[in-house]
Structures are given as C-alpha cells and as structure tokens.
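Chemist: Shown below is the structure under consideration.
Throughout, read-outs are computed from the coordinates displayed, never taken from laboratory work. It should be emphasised that the depicted structure is a prediction, and the values quoted were computed from it without experimental measurement. Here the Cβ positions follow ideal geometry from the backbone for every residue, glycine too, while neighbour counts run over all protein chains shown.
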Amino acid sequence: MSVKYHNVVPWGRSFKEYVDMFSLTDEDLNRSILGCSDGPASFNYEMNRKGKSVVSVDPIYEMDKETIRKRIGETYLEVLEQTKANKEKFIWKNISSVEELGKIRMSSMNLFLDDLEEGKKHGRYVAGFLPELPFSDNSFDLVLVSHFLFLYSEQLSFDFHVQAINELLRVAGEVRIFPVVDLNSRKSIHLDEIIGLLVSQEHVVSEEKVEYEFQKGGNTMLKVIRE
C-alpha cells in the first residue's frame, strides 16, 4: 500500500461532530470502536483522553507528522475557497461561516497532529485502506465510516462499496456510515441497491436521521448490524 501524497486532502472533524453524525450514545462510546477513513480527525485523541477504546485506520497514517502538517498547509485555503464557492450546498447553522469552519477544522487537525506519533506507538493509528483492512475477524464492536463510502459514489464503484462493507462487517458486528449523499448532495446512486443486498444477506439495515447536518441533505446515516 502506498499513499499518493499529492492526492491527499486532509480535513479533520471533531469528537462532537462524530457523536452527532453517528448518534453515539454513552453506551456506544464504551464499546470497542474502529474509525475507518478518519484522516486527521480529533475523534481518536479526544476518545483516548476520555479513557475510551478506539483505533483509527487510514492510508495517510503511513506518512509522518510533518508530512501531513505540510499537506494540510498546502490544501487548507484551497478547501475553504471551494467551500466558499459552493456555500449554497451547506447549512450555516451550527457553523456560521466559512471562517468558523476553518477554525474548527484546524483545531481538530492540530489535536490530531499532536497525538499522531504517540498514538501510532500504542496502535491507535493504523495505516490501512478499504476494501482490505489489517485486522482480525471481530476485532471491534462498532465501525464508524465518516465521509468516504457513498460520498464518493462517482469515484468508487458499486462493487467497491460491496467489498468494503463486507470487510467492515468482518471486523465488527455493527457498521455506521455517514453521510449517504454524494459530493453534490444527492442520494448515493449505490444506496438502494446496497441496502437491498444487505437485507438479502439477512443483516439488520436501517437508514436513520441524525442530529448533524452541514452538507444539505446529509442528515442520515446507514446502520448495518451483522446477523
């Protein structure tokens, strides 16, 4: 596995955003959690500070701290400019402006950077990429997938989604994926067929509304419980 440095656009979300995106209860937070495609989110750092069990997996963890910091510096303003140019696709309620968004994201990414090397030593940050993860069967109780599957429906095929979700269900008994809209805020072209397939495999599947909505229409997660 090799990360293509110039393709990586680091963008980190906070612990509170994870709680809202995935409707995480206190009981959920006490489970063994895998954060898949976490990137430079501060969820792992903040969970560890609370004494909770979490591992994050993402290909960017192949890189060292300073390489990721440099890439953040190269892409940060570009991402904000793209967001500003597409402001109508977002709901500016809990986050009131592009400038506030930038501050929230940078705060989360700085917490991640401060934690990265120590977290790697303790196995909390693991380099890996779907559809094959470097974990044994049933290694976790719950997997959270933030802003990867379904969001990139035009870039990632239906078959990739199937393989990825089957892999996630191999390593954990429950999978939650957020959001289920694509980059253009449209329902993923793969969603209905994926749900049908998972139901046919006798998994318990539900699309559930959550408290979080920043991208318009992005206020539901897919929950899959392995049977």
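Chemist: Please state, rounded to one decimal and in Å, the Kirkwood hydrodynamic radius that the stretch 5-225 gives when every pair of distinct Cα atoms enters the mean of 1/r.
Modeler: So the Kirkwood estimate lands at 17.7 Å.
Chemist: A further question on this structure: Rounded to the nearest 5, what % of DSSP beta bridges with both residues in the stretch 5-225 are antiparallel? All intermediate terms of the calculation are to be shown ahead of the outcome.
Modeler: Working: 13 of 29 bridges.
Roughly 45 percent of the beta bridges in the stretch 5-225 run antiparallel, per DSSP.
Chemist: Turning to a different aspect of this structure: Determine the relative contact order of the stretch 100-227: mean sequence separation of Cα pairs under 8 Å and six or more apart, normalised by residue count, in whole percent.
Modeler: Once divided by the residue count of the stretch 100-227, the mean separation gives 22 percent.
Chemist: Now for a separate question. Tell me, in nm to one decimal, what length is gained between THR83 and MET106 on full extension, where the rule is 0.36 nm per residue of separation less the Cα-Cα distance?
Modeler: On the way: separation 23, 0.36 × 23 = 8.28 nm, distance 1.48 nm.
Extending this stretch completely gives an extra 6.8 nm.
Chemist: If you average the alpha carbon positions of the stretch 83-158 and of the stretch 185-209, how far apart do those two centres end up, in angstrom?
Modeler: Between the Cα centres of the stretch 83-158 and the stretch 185-209 lies a distance of 21 Å.
Chemist: Oh, and also: Taking the highest mean first, how do the peptides 19-25, 126-132 order by number of other beta carbon atoms within 10 angstrom per residue?
Modeler: Averaged packing, sorted descending, gives the order 19-25, 126-132.
Chemist: Apply the Karplus parameterisation 6.51 cos²θ - 1.76 cosθ + 1.60, with θ equal to phi minus 60°, to every residue of the stretch 202-209 and state each ³J(HN,Hα) to the nearest whole Hz, in sequence, with x for glycine and proline.
Modeler: Ordered by residue, 3J(HN,Hα) equals 6, 7, 8, 10, 8, 9, 10, 6 Hz.
Chemist: Could I ask something else about it? Residue-wise, which Karplus ³J(HN,Hα) couplings in Hz belong to the stretch 68-84, taking 6.51 cos²θ - 1.76 cosθ + 1.60, θ = phi - 60°, and x for glycine or proline?
Modeler: Listing the rounded values in order: 5, 4, 4, 5, 4, x, 6, 10, 4, 5, 4, 5, 5, 5, 5, 5, 4 Hz.
Chemist: Another question, if that's okay. Give me the percent relative contact order of the chain, please, defined on Cα pairs under 8 angstrom at least 6 residues apart.
Modeler: Relative contact order for the chain comes out at 24 percent.
Chemist: Could you work out the Rg to Rh ratio of the stretch 117-170, with Rh taken as the Kirkwood radius (inverse of the mean 1/r over all Cα pairs)?
Modeler: Dividing the radius of gyration by the Kirkwood radius yields 1.01.
Chemist: Taking only the alpha-carbon positions of the stretch 1-122 and ignoring solvent, what does the Debye formula give for the base-10 log of I(q)/I(0) at q = 0.11, 0.12, 0.15, 0.23 Å⁻¹?
Modeler: -0.39, -0.47, -0.73, -1.40
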